1. Rounded, prolate or oblate: pick one for the chain, where a ≥ b ≥ c are the square roots of the eigenvalues of its C-alpha gyration tensor, a/c under 1.5 means rounded, and failing that, prolate if a/b is larger than b/c, else oblate.
2. Which peptide among 58-64, 162-168 comes first, and what is the full order, when sorted by highest mean count of other Cβ atoms within 10 Å?
3. Lys/Arg Cβ at +1, Asp/Glu Cβ at -1, dipole of the chain taken about the Cα centre: which of Thr34, Met1, Thr160 is farthest positive-ward?
4. Near Leu127, within a Cβ-to-Cβ distance under 13 Å, what is the net charge of the other residues, with Lys and Arg +1 and Asp and Glu -1?
5. By the 4.7 Å beta carbon criterion, which cysteine residues of the chain come out unpaired?
6. Measuring from label point to label point, each 7 Å out along Cα→Cβ, what is the Lys87 to Ile189 span in nm?
7. For region 2-100, rounded, prolate or oblate, judged on the Cα gyration tensor with a ≥ b ≥ c (square roots of eigenvalues), a/c < 1.5 rounded, else prolate if a/b > b/c?
8. About the Cα centre of region 2-100, what is the dipole size in debye to 20, counting +1 per Lys and Arg Cβ and -1 per Asp and Glu Cβ, all else neutral?
Amino acid sequence: MHDVEQLMQQNDQLLPWVHSANHPLFDLVYADDTVLMGQSAAAVERALHHVQNTAEQYNLKLNLAKCEYMSMNASNSIAFADGTQVKRKAQVKFLGAMLTADARSTADFRARIAKATAGLEKLNKFLQHTDIDTAWKIKIYKAVFIPMILYGMESAHLTTQNLQELDIFHYEAMRKIYKIKTTYFTQIINPTAHTYKNKDIEAMSNIPPLSQTALSLQFKFLGHILRCSSTDLEHNICFTSGLASRAQDSSQRRGRPREHWLEGVSLKAWEQFCSTPPCPWVMPQFHLPWGFLQLQRIATDRVRWRQLVVLPPTSRA
């Protein structure tokens with residue numbers, strides 16, 4: 001892509017950009033998987049043509065059948081250099097993650113939960129086998145199912161409902177592993193049987209709920225972004241030069257304000273920080289310039305951030 005950037009700068013003088021013209025970002029490349037981005041269909045189409053022309057110099061060609069185009073809040077189409085239209089999709093998959101035109105993580109999250117649930121059903125006989133040690137089943141769960149759901153979800157905006165769905169899946173899996181009936185069975189169908197609540201299962205397995213693990217990963221990623229230099233890509237995508245959220249800096253549409261990952265996880269991180277008294281500062285206004293300054297000061301101390309924010313709490317604490 002270095003040759004493509006040079007060619008675009010020679011011909012167009014300005015690289016396509018999404019979040020900042022001073023720090024243009026228009027491509028994500030991993031091996032042969034590439035995403036081209038831009039604020040307009042024309043900019044993306046020019047970038048696509050430059051990629052095709054540069055590839056031909058190395059006797060390479062794009063697989064046109066695998067190329068897909070997804071637009072946000074627009075109906076424009078784009079074409080390859082020969083005029084063939086690029087297939088338009090409402091959602092595409094990149095590196096295993098589902099990207100949608102509405103920029104929400106719901107579809108990807110639901111697909112992960114469905115895949116993990118199906119996998120759990122396939123292993124039902126294995127989990128119910130009495131000759132297999134429970135500790136080994138827990139290892140399988142940690143190694144297979146937790147990464148299946150949470151890998152790469154550090155930057156996904158998870159709603160309260162999403163966090164609840166994580167815990168529902170987690171406790172259902174734990175009940176299968178430990179052969180524990182649901183509370184409905186022990187309270188309604190067979191009241192004489194002992195009722196195990198979720199907190200009892202947590203103490204038994206010594207595994208925090210998946211919602212807490214997910215938030216812990218997001219807090220860790222947030223701390224990394226806050227500690228980054230203002231010239232680093234991760235920091236620059238999220239924040240303006242005034243340490244304000246770029247989502248708040250952009251124009252707002254009519255209707256209820258949309259929730260964004262940065263503000264949501266920052267608020268949860270602040271609440272987690274203040275859950276360990278004393279909390280000497282007042283609640284930051286994350287929608288204002290420099291609203292993240294207090295949180296940035298806390299994140300600068302890695303040990304403090306890890307102890308007070310990142311480490312997932314348990315219901316026993």
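The numbers here are math on the coordinates, done by the rules we state, and not lab data. Keep in mind the model is a prediction, meaning the values are calculated, not measured. Quick reminder, even Gly has a Cβ in these numbers, built from the backbone with ideal geometry, and neighbours come from all protein chains shown.
1. Cα axes put the chain in the oblate bin.
2. Descending packing order for the listed peptides: 162-168, 58-64.
3. Positive-end residue among those listed: Thr160.
4. Counting the neighbours of Leu127, the net charge comes to +3.
5. Cys67, Cys228, Cys238
6. With each label point 7 Å from Cα toward Cβ, the separation is 4.5 nm.
7. Rounded, because the longest to shortest axis ratio a/c is under 1.5.
8. So the magnitude is around 420 debye.
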